[in-house]
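Chemist: The structure that follows is given in the form of structure tokens.
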Amino acid sequence: MNFFWFAWSISPKLLQGSLTSLELTVLAISIGLILGIPLSLGRVYGNKIIYTVTTIYIEAFRGTPMLTQLFILYFGLPSIGIMFPPFTAAVIGLGLNSAAYQAEYFRGAIQAVKDGQMVAARSIGMTKIKAIRYIILPQMFRLVIPSWSNELILLLKASSIAYMIQVSELVSVGRQIASRNFRTFEVFLVIAFIYFVIVEVLNRILHSVERKIKIPGL
Amino acid sequence: MAQTIIKVENLHKSYGKTEVIKGVSFEVKKSETKVIIGPSGTGKSTLLRCINQLDSPDKGRVWLEDVEITKPHIDINQIRASIGFVFQSFNLFTHLTALDNVRIGLMRVREMKEEEATKIAVEELKRVGLGDKIHHYPAQLSGGQQQRVSIARALAMNPKLILFDEPTSALDPELIGEVLEVMINLAKEGVTMIVVTHEMGFARSVANDIIFMDDGIILEEGPPGEIFKNPKHKRTAKFFSKIT
């Protein structure tokens, strides 16, 4: 069987795996987004206690390998009675990890918004919370897109480590196929290509979002 | 006698060990244009920011009409909503159009309906001569136009007074005129204003009263005719001789 026929024949299974990888990535990036915003706000605007707590969280997750975090979650927590199915554990692990990175990107973007914006918002009588909601965050989201795109792509590729805790994502499916027919080289060439295509598509989507919400004249 | 809008009493402000304002007291009456002049770094801008507490004063009291706004538990946001502030560097919200810049305070602070807020905002933008630029973003406007939008943003809140912090200092010379013109009209219409500026022409012709500040204190105060012609202090005379 030549390479292309072979690639075609294994494609249904690989597509299934790709879908799982994508699902995992989307869920994890969403968790990271939802947690990352308050974490970044805590670091920029929080009082000493909030600042310390958010900083510890961020440094802990950025300072240790993702695989270690995943193993603690999946193999470690059952010893104190907390058990997650593999996919759930992977979503939580990747999500909590991504939150730390996203928080840092958000923090950078918030600090890139000029000081005068907050001052002007306060001067018309906005509370700090309203100023953050209506003035700072809308500008932050525009500024953060380039680095956030990076995080999304890194996370998609990093989602392959879910293979280590028995999630049937793309790499894991590849291993199964290769273990049956020993065409490891071809299988993983196809898989690399699939990742590449997904990354390109995500890149383009985010580029067009960036263009669409760009502030005219800036 | 006209009603007092702002009363400042013995205001002090330090940054670290440097005392920037060393006991300042004055009053602004309704419809008055009070111009604050003086050398750079003498606390003029700080004084303005202490009035609406963008900087909080260390000591002293400020009243807005009969409310003491330096009391600890006062709702400062509500107070700020009724004191306009025009910044040297405009500080328009960069992600919002001129229209949104002007109506966001009405909608998010005053919680006005969009339709009503839009009506007021369009009117205020027309008042500063920008009726044809309402959908432009700040970056698409010249400095003078941006500053006029920021004046409209202050006006829209129907403030009891407007504080101007060197509103023309960041502008190219050819754009200063259009901003001053708007301010002159406001003075004529009876808007109460405190203006920190280096525009002596404006001070001379528009101010009801001029405060000369030096080194954190008010060195002298009086109507422009008096202050420009017969300054009481050598410092004031020296300042005028340098800038004219």
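Nothing in this text is a laboratory measurement; each read-out follows from the coordinates by a stated rule. Model, not experiment: these values are computed from the prediction. For neighbour counting, all protein chains shown are included, and Cβ atoms are generated from backbone atoms with ideal geometry for every residue, glycine included.
Chemist: Could you work out, residue by residue across B:98-111, how many beta carbons of other chains sit within 10 Å of that residue's beta carbon, and then give the average as an integer?
Modeler: For this peptide, the per-residue mean of nearby foreign Cβ atoms is 3.
Chemist: If you take the beta carbon distance between A:LEU189 and B:GLN78 as r and set R0 to 45 Å, what does 1/(1 + (r/R0)^6) give as a FRET efficiency, to the nearest 0.05?
Modeler: Computed FRET efficiency for A:LEU189 and B:GLN78: 0.10.
Chemist: Debye calculation, C-alpha points only, no solvent: report log10 I(q)/I(0) for the range B:103-244 at q = 0.10 Å⁻¹, in the same order as the q values.
Modeler: -0.41
Chemist: Computed over the Cα atoms of the range A:102-159, what is the convex hull's projected area averaged over all directions, in nm²?
Modeler: Average projection, Cα convex hull of the range A:102-159: 4.0 nm².
Chemist: Taking Rh as the Kirkwood radius, which is the inverse of the mean 1/r over Cα pairs, what is the Rg/Rh value for the protein assembly as shown?
Modeler: When Rh is taken as the Kirkwood radius, the ratio is 1.15.
Chemist: Using alpha-carbon pairs under 8 Å, 6+ residues apart, how would you state the relative contact order of the range A:10-212 in percent?
Modeler: Once normalised by length, the contact order is 30 percent.
Chemist: If R0 is 35 Å, what FRET efficiency do you get for B:SER14 and A:PHE141 from their C-beta distance, rounded to 0.05?
Modeler: For R0 = 35 Å, the calculated efficiency reads 0.40.
Chemist: Would you kindly compute the Cα radius of gyration of the range A:10-212 and its largest Cα-Cα separation (Dmax), both in Å?
Modeler: 19.7, 70
Chemist: Using the beta-carbon distance between A:PHE84 and B:SER169 and R0 = 56 Å, what value does 1/(1 + (r/R0)^6) give for FRET efficiency, to the nearest 0.05?
Modeler: My answer for the efficiency is 0.40.
Chemist: Using only DSSP helix segments of four residues or longer, with each worth -39500 (n - 2.57), what per-residue ellipticity at 222 nm results for chain A after dividing by its residue count and rounding to 500?
Modeler: Helices in chain A give a 222 nm mean residue ellipticity of -26000 deg cm²/dmol.
Chemist: If you average the sequence gap of Cα pairs under 8 Å that are 6 or more apart and divide by the length of chain B, what percent do you get for the contact order?
Modeler: 26 percent
Chemist: Straight-line reach only, C-alpha to C-alpha below 13 angstrom: list the aspartates and glutamates that A:LYS13 could link to, leaving out same-chain residues fewer than 8 apart.
Modeler: Here the aspartates and glutamates satisfying the reach criterion relative to A:LYS13 are A:GLU169.
Chemist: Ok, one more. For B:LYS13, give me every one of the lysines with a C-alpha distance below 17 angstrom, ignoring sequence neighbours fewer than eight places off in its own chain.
Modeler: The qualifying lysines are B:LYS22, B:LYS44, B:LYS59, B:LYS71.
Chemist: On a straight-distance basis, which lysines could pair with A:LYS212 in a cross-link, Cα separation under 30 angstrom, same-chain partners fewer than 8 positions away excluded?
Modeler: In chain and number order, the partners are A:LYS114, A:LYS128, A:LYS130, A:LYS157, B:LYS113, B:LYS119, B:LYS126, B:LYS133.
Chemist: Dividing the alpha-carbon radius of gyration of chain B by 2.2 N^0.38 Å (N being the number of residues), what value is obtained?
Modeler: So chain B has a normalised radius of gyration of 1.00.
Chemist: Per DSSP helix of 4 or more residues, -39500 (n - 2.57); summed, then divided by the residues of chain B. What does that give at 222 nm, rounded to the nearest 500?
Modeler: After summing the helix terms and dividing by the residues of chain B, the value is -11500 deg cm²/dmol.
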